[in-house]
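One structure is given below, encoded as structure tokens.
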Amino acid sequence: MNPSLNHKVLSEVIAPQEGALRLAKQAALVIAGILFLAIAAKIKVPMFPVPMTMGTFAVLSMGAAYGARLGLVTILGYMIIGALGFDVFAGSSAEHFGLSYMQGSTGGYLVGYVLAVLALGTLARAGWDRSPLKMAAAMLCGNALIYVPGLIWLGTLYGWNEPILQWGLTPFLLGDILKLALAAAILPMIWKLVGRARG
């Protein structure tokens with residue numbers, strides 16, 4: 001194994017995954033993660049110029065806490081539940097849900113969620129979630145991986161002559177900076193608490 005990728009992630013420390021109950025623990029973490037993602041997607045904090053939703057914060061922090069493999073299972077489970085028509089996405093509703101919602105303007109960002117979870121999980125495995133500065137850099141990478149496919153899909157869907165950046169990027173930057181700072185503070189702090197508890 002690459003020595004730079006041999007750190008444990010939070011889910012492995014807080015919920016040990018050895019022994020006969022390993023699969024049950026992992027299943028419980030996946031279910032908890034999906035619930036976390038669904039609830040966070042519906043949280044809207046008033047902010048200018050648009051309300052700040054907590055969906056990306058949940059996606060990125062879950063990826064870091066779970067690692068790439070368990071995080072991927074969780075985010076794909078979340079996507080499948082959304083595709084089946086359950087109201088789990090930030091903009092979905094009783095009238096607009098399921099595959100029709102996923103194929104709309106949000107589709108590229110949902111693809112980005114998967115890429116971001118893999119990236120955050122990999123960076124956490126390298127120990128980036130234990131340092132505020134590295135965690136902030138990891139969140140920045142994750143946000144970029146969400147926005148790139150999101151903006152590409154918007155341009156493909158509506159045409160590149162439209163103000164794609166004004167629709168899908170610039171209104172959300174302030175909220176993303178705040179969420180980045182929040183995750184950069186919380187995850188390393190949890191690691192410090194875990195270290196004290198184990199010490």
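The single residue among Leu151, Leu174 that is modelled with pLDDT of 95 or more, of a type in the set (A, V, I, L, M) and farther than 18 Å from Tyr66 by Cα turns out to be Leu151. In the condition set (1) closer than 26 Å to Gly82 by Cα; (2) open to solvent by 10 Å² or more (accessible area, probe 1.4 Å); (3) part of a helix (DSSP H, G or I), Gly112 is compliant with all but (2). Please work out which one of (1) closer than 22 Å to Ala38 by Cα; (2) touching a residue at least 40 places away in the same chain (Cβ under 8 Å); (3) in contact with a Pro (Cβ under 8 Å, 6 or more places away or on another chain); (4) open to solvent by 50 Å² or more (accessible area, probe 1.4 Å) is the condition Leu182 fails and give its number. For Leu182, the failing item is (3).
If we scan region 117-127, do we find a residue that is touching a residue at least 60 places away in the same chain (Cβ under 8 Å), open to solvent by 10 Å² or more (accessible area, probe 1.4 Å) and assigned to a helix (DSSP H, G or I)? Yes, because at least one residue in region 117-127 is touching a residue at least 60 places away in the same chain (Cβ under 8 Å), open to solvent by 10 Å² or more (accessible area, probe 1.4 Å) and assigned to a helix (DSSP H, G or I).
Would you confirm whether or not region 42-50 contains a residue that is without any contact (Cβ under 8 Å) to a residue 60 or more places away in the chain and within 25 Å of Val9 (Cβ to Cβ)? Yes, that holds for at least one residue. Annotation note: Cβ proximity below 7 Å between a residue of region 54-70 that is among the polar types (S, T, N, Q) and a residue that is assigned to a helix (DSSP H, G or I) (sequence gap 6+ or interchain) occurs for Thr56/Asn143; Thr56/Ile146; Thr56/Asp176; Thr56/Lys179; Ser61/Ala183; Ser61/Leu187.
Just for region 1-56: of the residues that are in a helix (DSSP H, G or I), surrounded by 11 or more Cβ atoms within 10 Å (Cβ to Cβ) and not hydrophobic (A, V, I, L, M, F, W, C), which one is modelled with the highest pLDDT? Per the stated criteria, the residue is Gly33.
Considering Met79, Met62, the condition of being under 13 Å from the mean Cα position of the chain (by Cα), among the hydrophobic types (A, V, I, L, M, F, W, C) and either open to solvent by 20 Å² or more (accessible area, probe 1.4 Å) or over 15 Å from Val9 (Cβ atoms) (or both) is satisfied by Met79 alone. Do we have Ala137 as touching a Cys at 6+ places or on another chain (Cβ under 6 Å) and in a helix (DSSP H, G or I) here? Criteria not met by Ala137.
Out of curiosity, is Val88 β-branched (Val, Ile, Thr), touching a residue at least 40 places away in the same chain (Cβ under 8 Å), assigned to a loop (DSSP other than H, G, I, E, B) and open to solvent by 20 Å² or more (accessible area, probe 1.4 Å)? For Val88, the condition - β-branched (Val, Ile, Thr), touching a residue at least 40 places away in the same chain (Cβ under 8 Å), assigned to a loop (DSSP other than H, G, I, E, B) and open to solvent by 20 Å² or more (accessible area, probe 1.4 Å) - is not met. Restricting the first member to region 98-112 and to residues that are of a type in the set (Ser, Thr, Tyr), and the second to residues that are part of a helix (DSSP H, G or I) and open to solvent by 50 Å² or more (accessible area, probe 1.4 Å), the beta-carbon pairs closer than 7 Å and six or more apart or on different chains are Ser105/Leu157. Checking the condition under 20 Å from Met54 (Cα atoms) and under 15 Å from the mean Cα position of the chain (by Cα), which residue from Leu123, Leu151, Leu182 passes? Just a single option satisfies the conditions, and that option is Leu182.
The values are calculated or read from the model by the stated rules, or taken from the named source; none is laboratory data. Note that the structure is predicted; figures quoted are calculated from it, not measured. In this analysis, Cβ positions are derived from the backbone assuming ideal geometry, glycine residues included, and neighbour counts consider all displayed protein chains. Quick note on the areas: whole protein, heavy atoms, side chains included, nothing else; ligands and nucleic acids left out. Shrake-Rupley method; radii C 1.70, N 1.55, O 1.52, S 1.80 Å.
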